[in-house]
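Read the structure below first, then the notes.
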C-alpha cells in the first residue's frame, strides 16, 4: 500500500532544510521514517516541513491511496 499526495499553497514550498543530491534528488527519508496507521498523520508531517507557517498559510491537500498485489 502506498499514498501519493500533493499540497498546494499560496506560498512556495520550502525545501531549503532538506539535503539535495544531483543524482538522487531531495532526501525526504528523515520525514517519513515513522510509520503511521493513518496516512493523514504522516502527510501532516510533510506539510509541516515544507510549509513552515502551515498553521497560518492557506493550503490545500489532496492524496490518492493505492495498493499493488500479485495477480
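Every number in this text was worked out from the coordinates using simple rules, so none of it is lab data. Treat the numbers as computed from the prediction; the structure is a model and nothing was measured. FYI the Cβ positions are ideal-geometry reconstructions off the backbone, even for glycines, and counts take in every protein chain you see.
Can you give the FRET efficiency for residue 31 and residue 71, using 1/(1 + (r/R0)^6), R0 = 25 Å, r = Cβ-Cβ distance, to the nearest 0.05?
Efficiency, from the Cβ-Cβ distance: 0.15.
Based on DSSP H runs of at least 4 residues, each adding -39500 (n - 2.57), what is the mean residue ellipticity at 222 nm of the chain after dividing by all its residues, to the nearest 500 deg cm²/dmol?
My calculation for the chain gives -5000 deg cm²/dmol from helical runs alone.
Please work out the FRET efficiency for the pair residue 14 and residue 60, using the Cβ-Cβ distance as r and a Förster radius of 25 Å; give the result to the nearest 0.05.
Taking R0 as 25 Å, the efficiency between residue 14 and residue 60 is 0.90.
Dividing the Cα convex hull volume of the chain by residue count, how many Å³ per residue is that?
120
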